[in-house]
Amino acid sequence: MNTDATAPIKTTIPQTRIEPATLDDLPMMVDLVMELFSIEEDFQPNRALQEKGLRLIVEQPSRGRIFVARTDYEILGMVNCLFTISTAMGGFVVLLEDVIVHPDFRRQGVGTHLIDYVISYAKKKDFKRITLLTDKISEESQHFFENMGFDYSSMIPMRLSVDT
């Protein structure tokens, strides 16, 4: 599986591009994830843990990619793509997490371009499926993902925390 980055693409906001995140992006990505977790019921924001998790992905590209929508000065949004293997699909699949656009840049096409980028990336790299978890209380995000082509699954997520 070749998981090299694809070329940056433009959004509807001038001077905006989408590209893989770097370690220099960590502070702004942590801020975005903190914002996301502050509105999700299942997670508690924790700056140290969020930075650690993001760093693990950025430092090990075989685990996944974080793509950011950026200008030269700031990150407008991000999406986290984790790589795994599906025996049902017989190949590599993407688990999509942490889809967040800064509140100042919502409804300007940034989220749509991030998801389009991920779909294009997955197709180019021969991933078989993209799976996403979204908040059941957020109808707005569910409608957004439906409009992007995601369907509901008959599978339901279940968790077991194994923290020591």
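The values are calculated or read from the model by the stated rules, or taken from the named source; none is laboratory data. Just so it is clear, the structure is predicted and the values come from calculations on it, not from any experiment. Using ideal geometry, Cβ is built from the backbone for each residue, glycine included, and neighbour counts are taken over all protein chains shown.
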Exercise for the section: Name every residue in the stretch 12-24 that is assigned to a helix (DSSP H, G or I) and either within 17 Å of residue 48 (Cβ to Cβ) or among the hydrophobic types (A, V, I, L, M, F, W, C) (or both), in order of residue number. Expected result: 23
Handout entry: The lone exception for residue 140 - which of (1) modelled with pLDDT of 90 or more; (2) out of contact with any Lys or Arg (no Cβ under 9 Å at 6 or more places or on another chain); (3) not in a loop (DSSP other than H, G, I, E, B) it fails
Key = (1)
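Can we say residue 68 is surrounded by 17 or more Cβ atoms within 10 Å (Cβ to Cβ), farther than 17 Å from residue 147 by Cα and modelled with pLDDT of 95 or more?
So residue 68 passes the test.
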Exercise for the section: Tell me which residues, restricted to the stretch 115-147, are in contact with a Ser or Thr (Cβ under 7 Å, 6 or more places away or on another chain) and not basic (Lys, Arg). Expected result: 120, 121, 134, 135, 141, 142, 145
Fill in the blank from the handout: Given the conditions (1) over 24 Å from residue 43 (Cβ atoms); (2) surrounded by fewer than 13 Cβ atoms within 10 Å (Cβ to Cβ); (3) modelled with pLDDT of 95 or more, every one holds for residue 73 apart from (3)
Problem - Residue count, the stretch 49-101 (criterion: outside any strand (DSSP E or B) and among the charged types (D, E, K, R)) - result: 7
Completion exercise
If we keep only residues of the stretch 14-30 that are loosely packed, with under 15 Cβ neighbours inside 10 Å and either of a type outside the set (Ser, Thr, Tyr) or in contact (Cβ under 8 Å) with a residue 40 or more places away in the chain (or both), then the residue nearest to residue 81 (Cα to Cα) is 23
